Structure formats: structure tokens, C-alpha cells
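Every number in this text was worked out from the coordinates using simple rules, so none of it is lab data. These numbers were taken from a predicted model, which means no experiment stands behind them. Here the Cβ positions follow ideal geometry from the backbone for every residue, glycine too, while neighbour counts run over all protein chains shown.
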Amino acid sequence: MPYNRFTDEQLQKANDVNIIAYAMHQGYPVKEYAKGYFKISGYGGLLLEPDKWYWEAEQRGGGPIQFVMMMKKLSWVEAVKELLNESSNESMTGSMFYPTSSKRKKVDKSKFRLPEKNTTYKHIFAYLINARKLDQELVQKLVADKKLYEDVNQNCVFVGYDPEGVSRHAFLRGTKPDKPFRGDVAGSNKQYSFCMNGTTNRVFVFEAAIDAISYQTLRKKMGKHLNDHYLSLSGLSLEALDKLISIRPDITEIVVCTDNDQKGNMVCQKIQNTYEMLYQVKRDSPAPHKDFNALLCYEAFNEYLRSQGLEEAPTVQRANTP
């Protein structure tokens, strides 16, 4: 199936379209139910903000592109084209009352700075390799690729880059057990969150970088190749997935590896609803564990018990991974 490649500027224009203004222009029955918040009557709790929407009845949501895909039953490519056409109308790209998130991001982008590096990597190596059981070679490769380092506060810094190799996103994960910390660096652009790029037509999607590396570690233990794309959403937003498939038109398969909880399953459903028309979408759940790092730590614990001649923890049966 042919794919269209859009420039960053075109995608920015599409995401600049104000969802509320677009819905009104299309004739949907939009009503304000609180200051700055709107809904479309008759759609079972379809709530709108200028830059995002959420449909309570269907447990779906997203940005302007996903909104057009849902309301008009269009493919991702068709939805982007529709929004680019609408973007020529100035009233569609924000107003003094309803500024779009993309315009906020333009301000934040100029403020993005990677945190200052520490003079050592010992704290993140101890945390990721010893505590979280990630494969040492994989961790060292990420350091060599400048996708991971330790900051002066001893946090893990997972770095995301744009196609030109410019750092545009950073996620911090604390290494101190008594002071757990996690969050995006100010000014980060979620479109370019942490990604281990591959050469195949398949992408594995995770909520967090540590789970993506955990999954690679598990595959390596099973003797499987690591040539696929491994993407962290850095949360629950689909911005990074939207961006990756726009710049990698060869991707045809999405494997959802989000957490085994209510939010993780909701994101999985959102991805299936959004992309199943154009892509083969599969689910690989870490169940009964919460996430893939919990699964990895469980298996590492059993390896230790075996090495000590002790009885293993109860075996957890999982379906064959993709």
C-alpha cells in the first residue's frame, strides 16, 4: 500500500488546526459546557479542547489528526491532507480564546536544554543493570549512541532525536530509591521521544524507555533479533508514534507493549482504533505482570534461584512474543 511522506512543517500545520474551530466549521453540534471546554452533543461524552479530544463512550482520544480520522472515517494520510487543506483558513489555527498546544510547544521548544552531564555513569549503570536487570551491552550501546547518560543529579537521561540528529526530547528517571523521580525535561517535544531505531517494517510501542530496553533484553535472552524499532511514548500520548510512521513509511506493523493496567490497555485500544485501517496492529501484554521490566526482574530472580539450587518462583505462562 503506498504511503505519503509529509514534511515536519506540514505535520505541524495539521496539528495546529484548532479542533473546536474545525468541528464547528464542519457543522457538528458543539456546545461549551465549562469555560474553555466543549463537547459535541449526541456523541456520548465527546469532549473537545483546542488541541485534543476524548470520547468517553468509546474510551478514545487524541489530537487533530485522530479526530478527523474518527469523525470522517479517513486514513491517517487522508486526515493529514484534510487538515492541511483546512489550515489555509486562519480561523482554523487558533484564536485569542482557544490557543492550540502546538503554539505553546513552539515557545517551549526554544527553552529545551539537555540536563548537565555528570562526570560518571556509575549510578545509572548500577540502577539499570543491577536493579532493573537490563542487559549490560544494550545499556552501554545506548550510552555510546548518546541516547542515555547520567546527569549531575544522578538521574538517567533518555534522549530522543529528530531525523536531523538534533536532541528534541529528554526523559528523566531517578536512581535513588528513597527519592523516586520521573518526568520529561521542560520544553521536550513528545514527537521525538526515546526511540531505538531499526531496519524492519515493525515497531514495538511502550510507555517508558526502561520497558523498551527490558523487552530488548528479554528478546536477546531468547536469541531473537533486535532489528525492529522500539519506541517509548514517554507516557500515553500518541505523538511519537504519529511522527515515527510519518518519517518511516515502510512501517506496516505495530506491536503494542503498553502496561498491563487500565491506562495501558486504554492506550492499546486507542492505537488499535486509530491505526488498524492502515497497519497490522498486535498486542503483546506483560500479563500477569504490570510491565515488561517487572517480567524481566521476575525472570532474573528465577535465574538467581536456579543458580543457588533453590526452588523457583511459580512459572508464569505467556503467549509467544512476536
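Quick look at the values:
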read-out: For q = 0.13, 0.25 Å⁻¹, Debye-computed log10 I/I(0) when each Cα of the stretch 240-284 counts as one equal scatterer; value: -0.27, -0.91
read-out: Mean Cβ count within 10 Å, highest first, over the residues of peptides 236-248, 40-52; value: 236-248, 40-52
read-out: Greater than 30 Å apart at Cα, pairs in 176/263; 73/263; 146/221; 81/147; value: 81/147
read-out: Efficiency of FRET from Cβ geometry, residue 252 and residue 164, R₀ 30 Å, rounded to 0.05; value: 0.75
read-out: Part-to-part distance (alpha-carbon centres) for the stretch 146-178 and the stretch 193-269, which is given in Å; value: 18
read-out: Theoretical gain in end-to-end length, residue 31 to residue 113 [0.36 nm per residue, Cα-Cα removed]; value: 25.5 nm
read-out: Amide hydrogen neighbours beyond the local backbone of residue 183, cut-off 5 Å, H modeled; value: 172
read-out: Compactness of the stretch 122-307 - radius of gyration and Dmax, Cα, Å; value: 15.8, 48
read-out: Size of charge dipole - the stretch 122-307 - debye, nearest 20, with Cβ of Lys, Arg +1 and Asp, Glu -1, no other charges; value: 340
read-out: Gyration tensor (alpha-carbon) shape descriptor, the stretch 159-222, a/c threshold 1.5; value: oblate
